[in-house]
Amino acid sequence: MSAGWLSRIDAVEPKVHAFLHVDRSATGSGAGALAGMTVAIKDLIHVEGMPTTAGSKILEGFMPPFSATVVERLRAAGAVLVGKTNLDEFGMGSSCENSAYGPTMNPYDLKRTPGGSSGGSAAAVAAGMCEAALGTDTGGSIRLPAAFCNLVGLRPTYGRVSRWGSVAFASSLDQIGPMARTVDVCERVFHVIAGPDDRDATSARVPPPARTDVGLKGLRIGLPREYFGEGLAPEVERAVRAAATWYEGQGAKLVEVSLPHTNAALATYYLLAPSEASSNLARYDGVRFGRRADGVKGLRDMYERTRSEGFGAEVKRRIMLGTFALSAGYYDAYYVKAQKVRTLVRRDFDAALSKADVLLTPVSPTPAFELGAVKSPMALYLMDVFTIPSALAGLPGLALPGGFTDAGLPIGLQLTGRPFAEGELFSVARSYERAHPWHERTPALESS
Amino acid sequence: MKLSLDQVRRVAALSRLSLTSDEEARLAVDLQAVLDAAASLDTLDLRDVPPTAQVNLTESPLRRDVAVEPLGVKKALANAPDPVGSSFGVPKVIE
């Protein structure tokens, strides 16, 4: 498909708006593990020669002086880097509606969200404009859009993939990962980008994974009871339970497990991630890079006007929330308390993953919703209730296609594993995919 | 806890954000919703629970102390809104 990627972009991009920048002269190399593979990069990751906006007005026109480690590795493997994809500003959102450059549409239903924050990456792959894409996942930003767009998307173990050259949102949570239509392509991209990097102090000194095949016979698949309760759409629940039954039929053993702090994890995340964001985003002050407000009167005025004009509503909301949680008098009651609950969330997963080898869950409570339909920030935060807990625990999570609703919307399945067990997740997903080729159902963009 | 408008203004000042009165009012409501959700954490017994700041799943040893090519002044200043010689220009802070 590589040869036709540009004409495909010209044909469908006006309907989807997945890209913030397309490199029309992009080429790859004929050799390497990903020779000629077209890959789009979430616009939170630096590609030298292409602008980085992070979906924000505050970085409009910013040209990164270097490429991210993951980008260098993709280039060295021969990939064709076709462009930069749309996202919720700084990765803060679950619908791609928080981009300063307008929303992205879901290729399976253009009235609906592709999910977020890596919505542009998901839509680009789903619409056939590239074979794979990189996203970032802080609390679900790879897995949610993968689920909404019928894709395979991996949030790797914390530390598995270098973050050098990506724009920081919440540093104890951010991970870069691949998205693709099939398990095979997703895994191939993962193998290229994973592995230690001296330039990222949180990069784990663990050798890159090898492809493994895990037999399903005797495999213990955990179903956390808290993930199948109130608020879960019946069609989503049916798809996940059908997948569980299929695995059982292949010889796997279904185990009920409990993750008692699932709801507490959501509140914890929405204290911790904004706290880290408020610190990380302090760097956007109009001094060294990015936008500076015009006609400023002094330093303080420059900071305040630059940031107030440059940041969108959701980013301001999170900066405010984080600044509050870290402020004198509230630090212990909010930030430190949330860190303690994070410990309980980790212990939940330790216990569950001692009884089960992998966990099988929904990715989100509902399939893709209509753009503009979820109005309150809190309601949108609830979309992440099944992806946030494992992110807090630093565990790898894989979203994969699990079928469609009656209305034709994709439904995602989520596999969560032990630290550095991505190979197992890919293997367990591959078995399911062979028997359920949902990825072959591509969106009918031509007729819309 | 109940967040007052004055507290919203104080947090905005700490955040180096200047908000319109509409934004202040909206943020008071939005932040309150998150703080109300956070109140559910008060029911947990956290007395002997250590905080998790970072999920260090493996050790992160320091890299070897080897000099590498720096970014260089030209590249470092390339995105500056007001480059002055080899420095970043800012508004005057001393009268």
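Overview of results
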read-out	value
Options A:V214, A:V257, A:V206: the member that is more than 27 Å from A:G119 (Cα to Cα), within 14 Å of another protein chain (Cβ to nearest Cβ) and of a type outside the set (D, E, K, R)	A:V206
Complete set of residues in segment A:308-319 that are more than 7 Å from every other protein chain (Cβ to nearest Cβ) and not in a loop (DSSP other than H, G, I, E, B)	A:E309, A:G310, A:A313, A:E314, A:V315, A:R318
Residue selected from segment A:338-353 under the condition in contact with a Ser or Thr (Cβ under 9 Å, 6 or more places away or on another chain) and without any contact (Cβ under 8 Å) to a residue 60 or more places away in the chain, by the criterion farthest from the other protein chains (Cβ to nearest Cβ)	A:R346
Search result, residues across segment A:362-398 that are without any contact (Cβ under 8 Å) to a residue 60 or more places away in the chain and away from chain B (no Cβ under 14 Å)	A:A373
Filtered residues of segment A:48-106 (kept if hydrophobic (A, V, I, L, M, F, W, C) and under 20 Å from A:G312 (Cα atoms))	A:A54, A:I58, A:L59, A:F62, A:L87, A:F90, A:M92, A:C96, A:A100, A:M105
Residue tally, condition under 20 Å from A:L271 (Cβ atoms), open to solvent by 80 Å² or more (accessible area, probe 1.4 Å) and in a loop (DSSP other than H, G, I, E, B), over segment B:1-54	4
Qualifying residue in segment A:320-335 (condition: open to solvent by less than 20 Å² (accessible area, probe 1.4 Å), outside any helix (DSSP H, G or I) and in contact with a Pro (Cβ under 8 Å, 6 or more places away or on another chain))	no
Meets criteria (within 23 Å of the chain's Cα centre (by Cα), facing another protein chain (nearest Cβ under 10 Å) and not hydroxyl-bearing (S, T, Y)) for A:L326	no
Complete set of residues in segment B:1-19 that are over 14 Å from A:R317 (Cβ atoms) and within 9 Å of chain A (Cβ to nearest Cβ)	B:M1, B:Q7, B:R10, B:A13, B:L14, B:R16, B:S18
Qualifying position, being crowded, with 16+ Cβ neighbours inside 10 Å, under 25 Å from the mean Cα position of the chain (by Cα) and part of a loop (DSSP other than H, G, I, E, B), among A:L223, A:L271, A:L232, A:L216	A:L232
Counted residues, segment B:62-89 - those being open to solvent by less than 70 Å² (accessible area, probe 1.4 Å), on the phi < 0 side of the Ramachandran plot and either assigned to a loop (DSSP other than H, G, I, E, B) or within 9 Å of another protein chain (Cβ to nearest Cβ) (or both)	7
Residue pairs meeting the criteria (Cβ under 6 Å; at least 6 apart or on separate chains; first in a loop (DSSP other than H, G, I, E, B), in segment A:410-438; second open to solvent by less than 10 Å² (accessible area, probe 1.4 Å))	A:G417/A:V358; A:G417/A:P396; A:G417/A:L425; A:P419/A:T157; A:F420/A:T157
Failed item, numbered, when A:A239 is tested on (1) within 26 Å of the chain's Cα centre (by Cα); (2) open to solvent by 10 Å² or more (accessible area, probe 1.4 Å); (3) within 7 Å of chain B (Cβ to nearest Cβ); (4) more than 21 Å from B:L27 (Cβ to Cβ)	(3)
Residues of segment A:1-49 satisfying the condition of being in contact with an Asp or Glu (Cβ under 7 Å, 6 or more places away or on another chain) and part of a loop (DSSP other than H, G, I, E, B)	A:M1, A:M37
Within segment A:183-203, considering residues that are open to solvent by 30 Å² or more (accessible area, probe 1.4 Å) and part of a loop (DSSP other than H, G, I, E, B), the one farthest from the other protein chains (Cβ to nearest Cβ)	A:P196
Condition met for A:T136 (assigned to a strand (DSSP E or B) and either more than 14 Å from every other protein chain (Cβ to nearest Cβ) or open to solvent by 10 Å² or more (accessible area, probe 1.4 Å) (or both))	yes
Some residue of segment A:53-63 being open to solvent by less than 10 Å² (accessible area, probe 1.4 Å), in contact with a His (Cβ under 6 Å, 6 or more places away or on another chain), at pLDDT 95 or above and not hydrophobic (A, V, I, L, M, F, W, C)	no
Among (1) within 30 Å of B:L35 (Cα to Cα); (2) within 14 Å of chain B (Cβ to nearest Cβ); (3) out of contact with any Asp or Glu (no Cβ under 8 Å at 6 or more places or on another chain), the one test that A:G295 misses	(1)
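The values are calculated or read from the model by the stated rules, or taken from the named source; none is laboratory data. Remember, predicted model here, so these are calculated numbers, not experimental data. When we count neighbours, we look across all protein chains shown, and the Cβ atoms used for this are built from the backbone with ideal geometry, even at glycine. For accessibility, only protein heavy atoms count, side chains too; no ligands or nucleic acids. Shrake-Rupley method; radii C 1.70, N 1.55, O 1.52, S 1.80 Å.
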